[in-house]
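S.K.: The structure follows.
Just so you know, all these numbers are worked out from the coordinates, no wet-lab data involved. The structure presented is a predicted model; accordingly, all values stated were derived computationally and were not measured. Neighbour counts are summed over all protein chains in view; Cβ atoms, including those assigned to glycine, are modelled from backbone coordinates with ideal geometry.
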Amino acid sequence: MKANFELVESLRQRRREIEINAYGHELSDEERDALDRIKQSQEEAEEARRKAGEFEKWQAKQLSQIPPRFVGKTFDNYRTWSNEQREIVAHLRTGKSAIIFGGNGVGKTHLAFAAIRTQIELGISSQYILAFDFFTEVKRSFRDDSTDAILKRYATVGYLVIDEVDKAFGSQTEFVYLYSLINERYNRMLPTVLITNADEAELVSVIGSSTLSRVAGDGAIIELKGQDWRQKERA
């Protein structure tokens with residue numbers, strides 16, 4: 001007991017010396033509490049700055065996937081001419097699933113990258129990939145048995161856009177792996193956007209009925225109408 005008492009007194013004396021050296025007098029309990037609160041506030045501010053810096057780095061890395069042609073594409077500069085188009089933009093802003101179909105040059109990819117940018121700014125990991133590139137990755141993975149890892153990578157991203165799903169070969173293997181990916185994302189309740197130039201009558205043959213049902217069930221089937229802006233800009 002005596003040893004403990006002497007240790008406590010030694011610590012108190014050491015604290016007293018430190019306080020007198022730093023502040024010119026021994027601090028009261030109220031002053032120590034105030035200093036503790038200031039220290040805690042400073043530590044919280046430093047932690048907030050650290051997290052903000054990490055978020056900025058993460059966001060920059062995520063945004064770097066957007067090609068130069070689409071870097072400036074946002075919902076705000078997408079030209080809408082009707083209430084129907086404005087409703088489409090409003091739906092995509094929510095980050096919900098969608099199947100978007102329509103002709104060339106009507107702005108499907110513009111909206112895709114606008115949606116990706118919005119999700120990234122909200123802190124949600126997002127990815128855009130062409131269907132052809134996805135299926136090529138899957139087929140190459142057969143060589144080293146990495147198929148499961150590839151599917152998991154795409155199945156766990158927060159927001160996924162698969163473009164040009166009508167440009168693949170339409171093989172049974174592609175149907176199986178597209179369904180497997182969409183089903184896994186559906187079970188994880190993660191939004192997926194599929195984009196195609198196919199018309200409405202071709203959607204089932206291009207995507208598959210089960211895949212279409214899962215994506216549409218969590219979102220919407222959207223026909224994007226309008227003129228071909230690429231043709232108009234070249235004219």
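S.K.: Would the range 122-209 count as rounded, prolate or oblate if I go by the C-alpha gyration tensor, calling it rounded below 1.5 in a/c and otherwise prolate when a/b exceeds b/c, oblate otherwise?
M.R.: Taking the square roots of the gyration eigenvalues as a ≥ b ≥ c, the range 122-209 is oblate.
S.K.: For the range 34-145, report the convex hull volume of the alpha-carbon atoms normalised per residue, in Å³, without decimals.
M.R.: 186 Å³
S.K.: Would you mind computing Rg(Cα) / (2.2 N^0.38 Å) for the chain, counting N as its residues?
M.R.: Cα Rg divided by the expected 2.2 N^0.38 Å: 1.60.
S.K.: What does the helix-only formula give at 222 nm for the chain: each DSSP H stretch with n ≥ 4 adding -39500 (n - 2.57), the total divided by the residues, and the result rounded to the nearest 500 deg cm²/dmol?
M.R.: So the helix-based figure for the chain works out to -19000 deg cm²/dmol.
S.K.: Run the Debye formula on the Cα coordinates of the range 105-148, all scatterers equal and no solvent, and tell me log10 I(q)/I(0) at q = 0.24, 0.28, 0.29 1/Å.
M.R.: Debye output, listed in q order: -0.82, -0.90, -0.93.
S.K.: By the scheme Lys and Arg +1, Asp and Glu -1, what is the net charge of all other residues having a beta-carbon under 13 Å from that of GLN59?
M.R.: +1
S.K.: Hey, got the Cα dimensions of the range 73-194 along the principal axes, in Å, largest first?
M.R.: Principal-axis extents of the Cα atoms in the range 73-194, largest first: 48, 31, 22 Å.
S.K.: Taking the chain as a Gaussian network, where each spring joins two C-alpha atoms under 10 Å apart, which residue of ASN83, ASN104, ASN197 fluctuates the most?
M.R.: In the Gaussian network model the winner is ASN83.
S.K.: Could you tell me which trypsin sites (Lys or Arg not before Pro) in the range 1-82 are loop residues by DSSP with no more than 11 other beta carbons within 10 angstrom of their beta carbon?
M.R.: Qualifying residues, ordered by number: ARG79.
S.K.: Give the total of Lys-Lys pairs in the chain with Cα-Cα distances below 25 Å; include a pair only if its members are 8 or more places apart or on different chains.
M.R.: Final tally of qualifying lysine pairs is 25.
S.K.: How large is the convex hull of the C-alpha atoms of the range 2-99 per residue, in Å³?
M.R.: Taking only Cα atoms, the range 2-99 has a hull volume of 259 Å³ per residue.
S.K.: May I ask for the longest run of the chain untouched by chymotrypsin sites (Phe, Trp or Tyr not before Pro) that are loop-located per DSSP and have at most 15 neighbouring C-beta atoms (other than their own) within 10 Å?
M.R.: 1-80
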